[in-house]
Amino acid sequence: MSFVHLHVHSEYSLLDGFSNLKKLAKRTRELEMPAIALTDHGTMFGVIDFFKIAKAEGIKPIIGLETYVSPRRMTDMDSKLDKSAFHLLLLAENQVGYQNLLQIASAAQLEGFYYKPRVDMNFWLPIAKG
């Protein structure tokens, strides 16, 4: 029976990640896991390197994102109502899913940033439905 981690942070998850991509892929291969997902917090900065490194180790790379979801609109910025956000794990199934994740991560950084890069359900749900 195989096991695959679907929620892994790398050094690109600021203040939350620790895994070096090369060491992560090597250890995944050593443990005979067929695949591993990279789901950094609010960013996809490491996915291209992750994809190349995992492929070189013979591991199936799964691209993902752990996004912060704003309790209201992602553009709302009231310190009492909008500072806290919950997490949502998103995984790309294919190239379209990867492009959707890039769109979500970019909007979170450029439009929704308030303490953390955030999106809201009204933003990402139409993207997810295609």
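May I ask for the net charge around R29, where only other residues with Cβ less than 15 Å from the Cβ of R29 are counted and Lys, Arg are +1 while Asp, Glu are -1? Walk me through the numbers on the way to the answer.
On the way: positive: K22, K23, K26, R27, K52, K55, K60; negative: E30, E32, E57.
Summing Lys/Arg as +1 and Asp/Glu as -1 gives +4.
Evaluate 2.2 N^0.38 Å with N set to the residue count of region 15-57, then give the Cα radius of gyration divided by it.
On the way: Rg = 10.3 Å, N = 43, 2.2 N^0.38 = 9.2 Å.
Scaled against compact globular proteins, the figure is 1.12.
For every helix of n ≥ 4 consecutive DSSP H residues, a contribution of -39,500 (n - 2.57) applies; sum these over the chain, divide by its total residues, and give [θ] at 222 nm rounded to the nearest 500 deg cm²/dmol.
On the way: 4 runs with 45 residues, N = 130.
Theoretical 222 nm ellipticity from helices: -10500 deg cm²/dmol.
Among S19, S106, S79, whose mean-square fluctuation peaks in a Gaussian network model of the chain (Cα, cutoff 10 Å)?
S79
Order these by the 10 Å Cβ neighbour count, fewest first: T28, T43, T75. It would help to have the intermediate numbers written out before the result.
Details: T28 22, T43 19, T75 14.
Going from least to most buried by this count: T75, T43, T28.
In region 35-100, which chymotrypsin sites (Phe, Trp or Tyr not before Pro) are in a loop and have at most 16 other Cβ atoms within 10 Å, using DSSP for the loop call? List each step's numbers first, then the result.
Working: sites: F45, F50, F51, Y68, F86, Y98; in loops: F45.
Here the chymotrypsin sites (Phe, Trp or Tyr not before Pro) that fit, given the DSSP loop and packing criteria, are F45.
May I ask you to sort R29, R118 by Cβ crowding, counting other Cβ atoms within 10 Å and putting the fewest first?
Arranged by neighbour count, lowest to highest, R29, R118 become R29, R118.
Just for the Cα atoms in region 21-129, what are the lengths along the principal axes, largest first, rounded to whole Å?
47, 26, 18
For the chain, calculate the relative contact order in percent as a whole number, restricting contacts to Cα pairs under 8 Å that are 6 or more residues apart. It would help to have the intermediate numbers written out before the result.
Values: 242 pairs, mean separation 28.0, N = 130.
Reported relative contact order: 22 percent.
Whose amide H sits under 5 Å from the amide H of I62, counting only residues 5 or more places off or on another chain, with H placed in the peptide plane?
Placed amide hydrogens put I36, A37, L38 under 5 Å from I62.
Please list, or write none, the lysines whose alpha carbon is within less than 22 Å of the alpha carbon of K83, excluding same-chain residues fewer than 8 places away.
Cα-Cα hits under 22 Å: K116.
What ranking do D49, D40 get, fewest neighbouring Cβ atoms within 10 angstrom at the top?
Details: D49 15, D40 25.
In increasing order of surrounding Cβ atoms, one gets D49, D40.
Please turn the phi angles of region 59-74 into ³J(HN,Hα) values with the Karplus equation 6.51 cos²θ - 1.76 cosθ + 1.60 (θ = phi - 60°), one per residue in order, whole Hz, x for glycine and proline.
9, 6, x, 10, 8, x, 7, 9, 9, 8, 10, 5, x, 10, 7, 5
Distance from the Cα centre of region 1-43 to that of region 53-130, in angstrom?
If we compute the Cα centre of each part, the gap is 18 Å.
Laboratory data are not the source of any read-out in this text; all were calculated from the coordinates shown. This structure is a prediction, so every number in the text was calculated from the model and none was measured. Note that each Cβ is placed from the backbone with ideal geometry, even for glycine, and that neighbours are counted across all protein chains shown.
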